[in-house]
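J.: Encoded as structure tokens, here's the structure I'll be asking about.
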Amino acid sequence: MTCPFLEYRDADGEMRFDTGRAYCTAASRFVQPMRADVCNDRYDLDHSRHCEIFLAHEEPAP
Amino acid sequence: MSYDRFLAGDPVIVTAALTGGVHGKEATPNLPETPAEIGRAAGEVEAAGASVVHLHARRPNGERSFATERFQAIDDAVRDHTDDVVIQHSTGGTAVPDDERHRPLRTDPPPEMASLDMGPLNRYDHLTSENTRALVDSLHAEMVDRGIKPELEVFNDGHRNEVAGLLERRDLDAPVYTTLIFGPGTLTPPTPRNFLTAIDGLPEGALFNTLGFGRHQLPFATMGILFGGHVRVGLEDNVYYRRGELAASNAQLVERVVRVAEELGRPVATPAETRTILGL
């Protein structure tokens, strides 16, 4: 399961791209391509363990 | 003694790290990501004086790829745009399974050189690029099989011990070629004293390439030139030309370090001279 804060966008403010790129809605910015592998849980990566942005923004369990 | 190579005016090898695998166009729109963009950039840096291009591969949207097919597409584009440049593939890859790390070695033809990360490197707050000795040995074995010269990436002083260990475990063709890396985090802290310590501690006969991250790129390249080493510049390691001003291109960074080398009395190595120096 990919990170719930991940969106693919081709623009934000003055930044424009030819293809959709990984955008973190928690950090309100495009993320580095290496971090996008964490967002997408690729390889052995898990956003819930490996991403400090997710960990800082996740909702506490009710 | 490396300073003798400066006094002798030995040629300096300029490597251009064109794209990398960490940041992308979100950091600078001038960073090449697609095979066509990387190919054009390779032609520009070769014209500016680089004799080696250090390459990573990306998916069409800029995200990391380790697929042989993506490296092949990049190599084909580089060869279309260059005359004689030496192709060096990265085998680096934080949190990527070991078998993926081998795939950049399997293009046809293989790259003449490939990076070999000598040990662990922390990324962000929760990741480490482990680079175990077992992986180092298996990557080196495949490089030997394919006739690829390893470029030993030394992220910090502990990795000089790892170079010594690798030389005990395996036969490496002379000259051993290292890249000494300076910067933040796990890297060797970027001070002149640490630079001198690093070059003093290299194995006998080893050559060194000098890599400073960010604003350390130019001063460490200059020290590398002065102390008989070789240099790596490019947008993988530094996206700025000077404080607050993005570099316009990889070629702009190469042009500057070529001017520095020539002003200091070291000619820039041609691709043919680079092959002779490195024993390719």
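J.: List every residue pair whose Cβ atoms sit under 9 Å apart, with the two residues 6 or more apart in sequence or on different chains, where the first one lies in region A:26-47 and is within 7 Å of chain B (Cβ to nearest Cβ) and on the phi > 0 side of the Ramachandran plot and the second, anywhere, is part of a helix (DSSP H, G or I) and at pLDDT 95 or above.
T.: A:TYR43/A:ASP37; A:TYR43/B:GLU100
J.: Tell me, yes or no, whether region B:105-119 has at least one residue that is over 16 Å from the mean Cα position of the chain (by Cα) and within 14 Å of chain A (Cβ to nearest Cβ). Break it down into steps so the answer makes sense when it comes.
T.: First, the residues of region B:105-119 that are over 16 Å from the mean Cα position of the chain (by Cα): B:106-110.
In the following step, the residues that additionally are within 14 Å of chain A (Cβ to nearest Cβ) were identified as none.
No, every residue in region B:105-119 fails to be over 16 Å from the mean Cα position of the chain (by Cα) and within 14 Å of chain A (Cβ to nearest Cβ).
J.: Next question. From the set of residues in region B:59-72 that are surrounded by fewer than 24 Cβ atoms within 10 Å (Cβ to Cβ) and outside any loop (DSSP other than H, G, I, E, B), which is nearest to the other protein chains (Cβ to nearest Cβ)?
T.: So, considering only residues that are surrounded by fewer than 24 Cβ atoms within 10 Å (Cβ to Cβ) and outside any loop (DSSP other than H, G, I, E, B), the one nearest to the other protein chains (Cβ to nearest Cβ) is B:SER65.
J.: Report the residue count in region B:163-191 for those that are in contact with an Asp or Glu (Cβ under 8 Å, 6 or more places away or on another chain), closer than 20 Å to B:SER2 by Cβ and without any contact (Cβ under 8 Å) to a residue 40 or more places away in the chain.
T.: Residues meeting the conditions: 3.
J.: Right, next: Report yes if B:PRO104 is touching a helix residue (DSSP H, G or I) at 6+ places or on another chain (Cβ under 6 Å), crowded, with 19+ Cβ neighbours inside 10 Å and under 30 Å from B:ALA198 (Cα atoms), otherwise no.
T.: When the stated conditions are applied, B:PRO104 passes them.
J.: For the structure I just gave you, tell me whether A:ARG21 is surrounded by 22 or more Cβ atoms within 10 Å (Cβ to Cβ), within 9 Å of chain B (Cβ to nearest Cβ) and either of a type in the set (Gly, Ala, Ser) or closer than 18 Å to B:ARG58 by Cβ (or both).
T.: The answer is yes for A:ARG21.
J.: Just give me the residues in region B:208-226 being surrounded by 19 or more Cβ atoms within 10 Å (Cβ to Cβ) and closer than 11 Å to B:VAL12 by Cβ, in sequence order.
T.: Answer for region B:208-226, where residues must be surrounded by 19 or more Cβ atoms within 10 Å (Cβ to Cβ) and closer than 11 Å to B:VAL12 by Cβ: B:ASN209, B:THR210, B:ALA221, B:GLY224, B:ILE225.
J.: In this structure, does B:ALA77 turn out to be among the small types (Gly, Ala, Ser), in a helix (DSSP H, G or I), touching a residue at least 24 places away in the same chain (Cβ under 8 Å) and touching a Lys or Arg at 6+ places or on another chain (Cβ under 9 Å)?
T.: yes
J.: Residues that are not aliphatic (A, V, I, L, M): list the strands (runs of 3 or more DSSP E) wholly contained in region B:201-280 that include at least 3 such residues.
T.: Values: elements: B:207-212, B:230-233, B:240-242.
In region B:201-280, the matching strands (runs of 3 or more DSSP E) lie at B:207-212, B:240-242.
J.: Sticking with this one: Somewhere in region B:74-88, is a residue surrounded by 17 or more Cβ atoms within 10 Å (Cβ to Cβ), under 30 Å from A:LEU55 (Cβ atoms), away from chain A (no Cβ under 14 Å) and of a type outside the set (A, V, I, L, M)?
T.: Within region B:74-88, not a single residue is surrounded by 17 or more Cβ atoms within 10 Å (Cβ to Cβ), under 30 Å from A:LEU55 (Cβ atoms), away from chain A (no Cβ under 14 Å) and of a type outside the set (A, V, I, L, M).
J.: All but one of (1) without any contact (Cβ under 8 Å) to a residue 40 or more places away in the chain; (2) away from every other protein chain (no Cβ under 14 Å) hold for B:THR94, so report the exception by its number.
T.: The number of the failed condition is (2).
J.: Something else about it: Only one residue in A:GLU58, A:GLU52 is acidic (Asp, Glu), more than 10 Å from chain B (Cβ to nearest Cβ) and without any contact (Cβ under 8 Å) to a residue 12 or more places away in the chain, so which one is that? Talk me through it step by step, then tell me what you get.
T.: Numbers: A:GLU52 fails: more than 10 Å from chain B (Cβ to nearest Cβ).
Sole residue among the options that is acidic (Asp, Glu), more than 10 Å from chain B (Cβ to nearest Cβ) and without any contact (Cβ under 8 Å) to a residue 12 or more places away in the chain: A:GLU58.
J.: Taking B:SER129, is it among the polar types (S, T, N, Q), in contact (Cβ under 8 Å) with a residue 24 or more places away in the chain and out of contact with any helix residue (DSSP H, G or I) (no Cβ under 7 Å at 6 or more places or on another chain)?
T.: Criteria met by B:SER129.
The values are calculated or read from the model by the stated rules, or taken from the named source; none is laboratory data. Quantities reported herein were computed from a predicted structural model and do not represent experimental measurements. When we count neighbours, we look across all protein chains shown, and the Cβ atoms used for this are built from the backbone with ideal geometry, even at glycine.
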